[in-house]
Amino acid sequence: MKLLSFFMPGLCSAQPFQLRLLFGFQAALFLLLFSLASCSDLADPAQPGSLVPRTVDEDSSLPSLLVNGTLLHVETFGDPADPIIVMIHGGPGGDYRSLLKAKAFANDGFFVVFYDQRGTGLSQRVDASDFEDVQIMIDDLDALIHHFRMSEDQKVFLVGHSWGAMLATGYINQHPEKVDGAVLAEPGGFTWDQVEEYLSQSNHIDFFSEALNDALFPEQIFAGRDEHEILDYKAAYFFTFENAPGNTIGNAGPYPFWRSGAVALEAMIEIGETKGLDFTTHLQDYDTRVLFTYSELNTAYGQDWAHTVGSAYPHIEYQLIPGTGHELLYFGWDAFYPIALTYLNEMK
């Protein structure tokens, strides 16, 4: 099983922690135990939120929306009557915390919608059976847009990062008439063959490996905890690999997150490996210009791969975001923002 995309969580939710796997398994286990001891909120393992942050069904103070039978963590900024921008985070299994700089678009005459996808971030956890195929993610996005769109004249834009750019493209492939423009930031690929080729160029580990889990995570540490909490915590631990020395994707270090969605991640990977995916079947009919951004420091990507992936769209504009790696909406925001805003204003 391969890692479909990249995001940087830490061991304690309040303080992201960068683990260098080069230390070896014994050092890693020591650091894990040290981090557990240093997190003061882990005193009562039976309480939700003691190991990872609580989700919207566990904490009613979090902003949420019922979408297709499950509570999603949803937050909005700006005037609801303005053109809509839906921010779509990476993963699968990430969350929108590292995208929050994009709330600046609300000051530019846009209504900005953030959401943690089904089973990810602070959204309600669901069973693996909820993910029969990728269609559920597309349907959730469609329901979210339908909820916030006030009239047929209100324009809708999608801004997607990594897996989120793939999901945005999957949505456009099915509902081109509902999207007035899109900003795509380093999608791995729009077909499963492309995803596998991209992954072969980027660092990844089999972080659901049973042997690796057994070596690093004695189960007595997690006694009495919810299964989703355990899996999400383990996923967060292994995702730190992307910032290890020698990583190809160019991130400058840790970046903010809330909570990994391990079941959603594993389910989406399994769907890709067993059923494949192809988000390009109708893209040639999408007449709207799309902005495709890629980073300078992600050596696994580059201009050639951007053009290979983006060629599925008939009208596309490519923009290099300098001085940043894959997490270009966080580390490269100062360069990304004016480029994206120029495009969005032109399309508005």
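Throughout, read-outs are computed from the coordinates displayed, never taken from laboratory work. Remember, predicted model here, so these are calculated numbers, not experimental data. Ideal geometry is used to build each Cβ from the backbone, glycine not excepted, and the neighbour counts take in all protein chains shown.
At a Förster radius of 30 Å, what calculated FRET efficiency corresponds to the Cβ-Cβ distance of Thr248 and Glu273, to the nearest 0.05?
Plugging the Cβ-Cβ distance into 1/(1 + (r/R0)^6) gives 0.85.
Using the alpha-carbon centroid of each, what span in Å lies between region 334-348 and region 248-301?
Answer, in whole Å: 21.
Take Phe148 and Ser129, extend 7 Å from each Cα along the Cα→Cβ direction, and tell me the distance between the two endpoints in nm.
Output for this residue pair reads 3.2 nm.
Could you give the size of the charge dipole of region 272-348 about its Cα centre, using +1 on the Cβ of each K and R and -1 on the Cβ of each D and E, expressed in debye and rounded to the nearest 20?
100
Assuming R0 = 41 Å, what is the FRET efficiency of Asp59 and Asp108, from their Cβ-Cβ distance, to the nearest 0.05?
0.85
Calculate the dipole size of region 106-149 relative to its Cα centre from +1 charges on Lys and Arg beta carbons and -1 charges on Asp and Glu beta carbons; express the result in debye to the nearest 20.
Approximately 220 debye in magnitude.
List the aspartates and glutamates whose alpha-carbon lies under 15 Å from that of Lys275, not counting same-chain residues fewer than 8 positions away?
Result set, ordered by chain and number: Glu132, Asp133, Asp193, Glu196, Glu266.
Compute the distance from the alpha-carbon center of region 49-65 to that of region 316-331, in whole Å.
31
Please compute the modelled spin-label separation between Gln284 and Thr299, points set 7 Å along Cα→Cβ, answer in nm with one decimal.
About 3.7 nm separates the two model spin labels.
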